[in-house]
Structures are given as C-alpha cells and as structure tokens.
Amino acid sequence: MSEVVAKQPVLAVTSGEPAGVGSELCARLLDRAWPARLVVLGDIGLIRERAGDGVPVVAYEASAEPPSGALEVLHLPLSVPAQAGVLDPANGAYVLALLDRALAGCRSGEFAGMVTAPVHKGVINDAGVPFSGHTEYLAEHTDTPLVVMMLVGGGLRVALATTHLPLAAVPAAITREVLEETLRILHRDLVERFALPAPRILVAGLNPHAGEGGHMGREEIEVITPVLEKLRGEGMHLVGPLPADTLFVPHTLEQGDAVLAMYHDQGLPVLKHASFGGGVNVTLGLPIIRTSVDHGTALDLAGTGKADPGSLYAAVELAIRMAAGRG
C-alpha cells in the first residue's frame, strides 16, 4: 500500500436517494482538497450525469493509489433509471444497498467511517421495507441496542434523549434506564471521539420551568434528577435538569460542551437556527463513525445544480476529525 493511502483515512460517502440532491452534492466534494480519501458510493452513471461535464469520475479501486483531481465512485447499480425530483420505490433497495456496502466496509476496516447523503424514508417504506431512518437502520444492522442522535453546528452539540416520536409519547419513553444509558453513550463518545476528557453536559428538563418543583410535571423529580445524581456520583459533570427556555442562552451554553434535550423539537430548532446548511447529524453509540447532512432530499432542487453542499462538507470534516479521535 502506498504511503499516501496508509496515511489518509478512507471515508465512504453514500449518495442517498437517487431522485434527490445527494449525487450532485457528492460531486461537489471535488471543489475542496481533503485530508482524507473520499469514496462516493452510488451508480457511477448517475454520478457522472449529475456531476456534469468537466467533472472527472473514476471507479474506486481499494488497492490502487487514489487518483489526483478525480471523484472516486464505488459503483452500485440503480435498480431502475432515476429521474431528478421523481421518486421511484423500485430504487428503495438500491438506497439500502449503499448503506449496507458502506457499513460492511466500516466494519472490515476498509473505511474509517461513513458519511451519508439524505434518503427519503417514505419511498423506502413504499418499496415494502420498514424504514424509520439511517440511525435506526444502522443500529439494527450493528446489533446496537441504543444509539443517540446528536447534531453539531453553530458552535453547539445537541443530543436527544428521544428522537422521532409523537410528542404525546415522549414522557413514557424517558425512563430512568433509557436516560442513564443515553447519558453514558453521550459521555463516552464525547471522551473517545471528540477529545473531551471531562465533558460538561447540560441536561434539559422535560416540562416548562423544569417542572416548577413538581407543579408542572414530576418527570424531573421522579426520573431525570435521580439519574443525574447517580451519574454525578460516578464522576460525570452533569448540570440540570435545566429549563429549556433558559438553557439555550449564551451564558449557560458557555458552561457546557454538549446539551442533552429530552425530545426532538426541544433541542433541534435552536441548533438549526444557528447552523442550518452547515449542521451535521452524528450517530453516537455505534461501533463505527457515522455522520450525515442535516437536511432532506430537496427534490425540488435535484438536477438544478443549486443545492448547497455546506452541510455535506461539514459532515465530512467532522468524520475526518472523529476518525482522528478529535471530533
């Protein structure tokens, strides 16, 4: 193996839903120089079509030295031809094949991590495959009982105790056991992959005013506080439960390295306001590194060349840092 290949981490970048913007965003990776070897997974004909004239696209060869100035594509064929902006359930299996190949490469050591372009959950389900998202799919296929979604951007790291649940289902989902394991995963990955030897985690309450001493809900008293006290006794630096409306102010945020929000729309609106277009979705708790863009398939922009690659760039940058243990 050449010295160049040995020194640079090799990352798999899945191109995602073929009707969306993923393929053309992946082609934009050539606009920058990266301290890594980036391998795009997708149909090489589709990538060439969406990349446009003048973008050199070559087939990936694991044992060969990476080409200079060309986009490497690990070819996986479309099930049926793809049209920009037009979803086709027949390509649902293709989208999952990209994830399966990237995951296999990460587990074998071929890839140091994977970066995922957006997929369309609905069309995969329409193809007859139950699919609730990358996070859940990767957890199932690595036999990981619990993973944690964290978004990074705008100077913030915001993890979630629950993810894609109806609001009415959130309180019952936040048990002592789940909250404890979520905090352990968050703490461990901040130490091991983000180079924070003693991370400070700000923990939001579930209810307004963090329950107002039990007058606006008892989850803080009966679930959240006992877990925090237990883990503080083990040496974790945990602050909370804090009222969410005052947690996300500069003075409080300066006191922490990450925030744990109790549910999706408690934490992510703030982060996306601070970083949309440049945010990164990170899956914590997996045996592999996985980062992703913070946006969807943008079917209305597919094929126009107008999609912003900022979030993909940020996801690649973070995956490179995480591979070096300094996310």
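The values are calculated or read from the model by the stated rules, or taken from the named source; none is laboratory data. Worth saying up front: this structure is predicted, and the values here are computed from it rather than measured. No Cβ is skipped: glycine too gets one built from the backbone with ideal geometry, and neighbour counts run over all protein chains shown. To get the accessible areas, we keep the full protein, side chains included, count just its heavy atoms, and leave off ligands, DNA and RNA. Shrake-Rupley method; radii C 1.70, N 1.55, O 1.52, S 1.80 Å.
Figures for the structure shown
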read-out: Qualifying GluC sites (Glu not before Pro) in region 228-273, DSSP loop, other Cβ atoms within 10 Å at most 15; value: 234, 254
read-out: Accessible surface of region 166-322, 1.4 Å probe, proportion on carbon and sulfur as whole %; value: 56
read-out: Net charge of Cβ neighbours under 14 Å - reference residue 165; Lys, Arg +1; Asp, Glu -1; value: -2
read-out: In Å², nearest 10: area of residue 224 left accessible to a 1.4 Å probe; value: 0
read-out: The chain, accessible area per residue, ligands and nucleic acids excluded (1.4 Å, Å²); value: 42
read-out: 10 °C / 1.306 mPa s Stokes-Einstein diffusion coefficient of region 1-143, Kirkwood radius on C-alpha pairs, µm²/s; value: 103
read-out: Whole-Å distance, taken between Cα centres, linking region 88-109 and region 110-171; value: 15
read-out: Sequence-separation-based contact order of the chain, relative, with Cα cut under 8 Å and 6+ spacing, percent; value: 22
read-out: Solvent exposure ordering (accessible area, 1.4 Å, most first) of 300, 88, 257, 294; value: 300, 88, 257, 294
read-out: Cα-centred dipole magnitude for the chain, charges only on beta-carbon of K, R (+1) and D, E (-1), debye, nearest 20; value: 540
read-out: For the chain: span of alpha carbons on each principal axis (Å, largest first); value: 63, 44, 35
read-out: Most to least accessible of 193, 176, 290, 200 (protein chains only, probe 1.4 Å); value: 176, 200, 193, 290
read-out: Exposure rank, largest accessible area first [248, 111; 1.4 Å]; value: 248, 111
read-out: The chain: DSSP helices with Cα axial extent of at least 15 Å and average Kyte-Doolittle hydropathy no lower than -1.0; value: 92-108, 176-192, 264-275, 310-323
read-out: Area accessible to solvent at residue 218, 1.4 Å probe radius, in Å²; value: 120
read-out: Surface share of carbon and sulfur [accessible, 1.4 angstrom probe, percent] for region 1-160; value: 51
read-out: Simple label model, 7 Å out from Cα along Cβ direction - residue 175 to residue 7, nm; value: 5.1
